[in-house]
Amino acid sequence: MLAQPQNILQVSLKSLSQECALDITPFATPQRYRLIDCDQFMQNEMLCIDEFVDFPSVQYAALSYVWKGNPVDPSDAKSHHSFSVAGALDGDPISIHVLKHACLVAVKHGVRYIWLDRLCIMQTNREDKNWQIKQMSKMYKRCNICVVLPGGVQKLVRIDEETAWIHRGWTLQELLMPERVIVLLAWKLGEGSMMADDASGSVSEVTPQESAVMSATDVLNACVAGYLSFTSTHSPSPFLIRSCVFGAASPNLSATTVAMSEELASDPDARDHAIWQSALMRTSSRPVDMVFSIMGLFGVILDPSMFHKDDRLGATIALAKEILRTGGRASWLGMSFRLPPCSTLCTFPMFAGTSVSGKALVRTKRGLREVAEFVDGEYPNELGLGAPLPGGSMDDAGYFTFSARAVHLVPRIGNRDERADEITNSDRRLVTSMNGKAWEIVSEEEHGDSTSPRNTYGIILGWFQDYYPGATLAHNKHYIKGAVVEEHAPEKFHIVTFFSLHLRDRQWVKSWQERQFTVGGPNALTHTGDDAFDENEGYQLLEENKASRRHVAGAKARWARSQIEAEDDYMSKYYT
């Protein structure tokens, strides 16, 4: 029989404040599960936290939010009553008003408890935090419903207010793990139905003229389309409202959509690649959390105490090793063909800097730029070349050993502007790499006669398909992607750059001989980090398709108006 929960905290909401930070540490026991009692919160205006020895058998809703959210309007009286939490003072204070709406959502869905990590984890106790991180994926996977607060815990935002939610590392797991995810928004238009392009859904009111919920899928679709068409139960005429709460159409939005796609759910390479790609474009306050926040999505649980908060590299290697060891594939390959390879773990692109707020940024010689600018909306499709992404093994230094189709390469002497798909001599073809250098494919015998000082190969990574509404083969002819690798130590290679080949080269590529490679480094793990790169030196091959490869919202989005305008119109018609 499971032990009954113990109430560890019971405090009046009126007594909570920002000046005196709440700390549950004196009352809680490390390595326990904790939940907030919604009934006590709503009926008695008490913040009550119950502690469970075993995983809670009760129904609960998990909250997903950003640590630093949208700023509040100082003139909004409802935002004034908030409180801070000891050990989490770098995050926004928690609004009593927002928490009441979240509790009301839970109660309306037949759930008594909510789980909010800010309050349910001992923020000042390292032992408890490390243990809780290992339980995080389970907390979201087993919740009855996940409620997204895209603007954070101090403000409810409208659907036309852009937030940082899709840019944060932990929110990806919080979106993909639960069976059901809904988004809580500020909303005065009542209940009704919505459409975004061809996708339809519903809007359920939480508090009249204050808030409503929509499914996360519906909100994502609305952001991709750039608008939603809402029809109230009171009105036959739809309201066309701009939608950007998760940002406008972008590679991050595209990767997140792929990860959620029911059509691609049966293709683990596509889903796992989208998880890696989406994580690449997100950020977190601690670099290591970029690994901890996605490990559960791969069925892997690492021990957080084994890694320093800045050890993103070591945690990445540990996660990749475990994925491969348990029979998974290198789904991280090809996250970005337009970022330089990481100088110490070259099967991954260079890592972005991390921060407690904002977007994932990389250093270029022209300054900081958003990672999403160097990522295309693609996913691996094993049907293209009749083979999935490679499996294999990885050692502690991050060297990945695997088999792949490959050809010998030597540097091209002469015209470097000549493109691979323009060569007609089938015996001697060129590969034009992302860094603008031309490589000539040579036979085994010719390679032996070459004066090239380095042993260089072109290896095929896979077939990468465009993913955005209306994609066809005509939009991009270069689906076959590969890497140029050079030997820097006996039987050890590193990725120099990437290349792509025309789709008509499919059969020729499938005839390439399969070889085994060990790819990693080339710098030791003690290397301090990647240098700023020049975005004008190569990484241009995919730029020609940039306009067509990015989804452009439909014509309807141009006619959409703000939510405030729609609400004013609605209120004047039905409440005056």
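The values are calculated or read from the model by the stated rules, or taken from the named source; none is laboratory data. No experiment lies behind these values; they were computed from the predicted model shown. Neighbour counts run over all protein chains shown; Cβ positions are idealised from the backbone, glycine included. Surface areas here come from the heavy atoms of the whole protein model, side chains and all, with no ligands, DNA or RNA. Shrake-Rupley method; radii C 1.70, N 1.55, O 1.52, S 1.80 Å.
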Where the centre of each part is set by its Cα atoms, how far does the range 104-144 sit from the range 1-38, in angstrom? 12
Amide H neighbours of F498 under 5 Å, counting only residues 5+ apart in sequence or on other chains, H built in-plane at 1.01 Å? M434, N435, V484
Set Lys and Arg Cβ to +1 and Asp and Glu Cβ to -1, take the dipole of the chain about its Cα centre, and tell me which of Q209, M260, F402 lies farthest positive. Q209
In the structure shown, do any of K129/K309; K14/K141; K141/K309; K68/K359; K481/K510; K141/K321 have a Cα-Cα gap over 22 Å, and if so which? K14/K141; K141/K309; K141/K321
Show the residues, 5+ positions off or on another chain, whose built amide H is closer than 5 Å to the amide H of L22. S84, V85, A86
What aspartates and glutamates sit close enough to K155 to cross-link, taking a C-alpha to C-alpha distance under 13 Å and skipping anything fewer than 8 places away on the same chain? D73, D76, D92, E210
Charges at C-beta only: +1 for Lys and Arg, -1 for Asp and Glu. How large is the resulting dipole of the chain about its Cα centre, in Debye rounded to 20? 300
Under the Karplus relation with 6.51, -1.76 and 1.60 and θ = phi - 60°, whole-Hz ³J(HN,Hα) for the range 382-389, x at Gly and Pro, equal 5, 5, x, 10, x, 8, x, 4
State the antiparallel share, in %, of DSSP beta bridges confined to the chain, rounding to the nearest 5. 80
Under 5 Å, built H, 5+ apart or other chain: amide partners of Q465: Y379, N381
Rounded to whole Hz and in sequence order, give me ³J(HN,Hα) for the range 165-171 from the Karplus expression 6.51 cos²θ - 1.76 cosθ + 1.60, θ = phi - 60°, writing x for Gly and Pro. 4, 6, 9, 9, x, 5, 5
What list of ³J(HN,Hα) couplings, whole Hz, do you get for the range 323-337 from phi and the Karplus terms 6.51, -1.76, 1.60, once you set θ to phi - 60° and write x for glycine and proline? 4, 5, 4, 8, x, x, 10, 7, 5, 7, 5, x, 4, 8, 9
Report the calculated FRET efficiency for D568 and H81 (r = Cβ-Cβ distance, R0 = 22 Å), to the nearest 0.05. 0.25
Just want to confirm a number: the relative contact order over the range 99-247, from Cα pairs under 8 angstrom separated by 6+ residues, in percent. 21
Listed values (1) 1.05; (2) 1.40; (3) 0.98, entry calculated as Cα Rg over 2.2 N^0.38 Å: (1)
Charges at C-beta only: +1 for Lys and Arg, -1 for Asp and Glu. How large is the resulting dipole of the range 254-338 about its Cα centre, in Debye rounded to 20? 280
Output for the range 245-324: trypsin sites (Lys or Arg not before Pro) sitting in coil per DSSP, at most 13 other Cβ within 10 Å, listed by number, reads K309
Return the FRET efficiency for the residue pair L368, K309: r is the Cβ-Cβ distance, R0 is 22 Å, and the value is rounded to the nearest 0.05. 0.50
Longest span of the chain, sites excluded, free of GluC sites (Glu not before Pro) in DSSP loop with at most 11 other C-beta atoms within 10 Å? 264-490
What does the charge count around G521 come to, taking other residues whose C-beta lies under 12 Å from its C-beta (Lys +1, Arg +1, Asp -1, Glu -1)? -2
Evaluate E = 1/(1 + (r/R0)^6) for E127 and Q18, where r is the Cβ-Cβ distance and R0 equals 30 Å; express this FRET efficiency to the nearest 0.05. 0.65
Under the helix-only model (-39500 (n - 2.57) for each DSSP H run of 4 or more, divided by the residues of the chain), the mean residue ellipticity at 222 nm, to 500 deg cm²/dmol, is -6500 deg cm²/dmol
Over the chain, what percent of the accessible surface lies on carbon and sulfur atoms, probe 1.4 Å? 48
Unit charges at the beta carbon, dipole of the chain: most positive-side option, S200, Q59, T344: Q59
With a 1.4 Å probe and every protein chain left in place, work out the accessible area per residue of the chain in Å², rounded to a whole number. 41
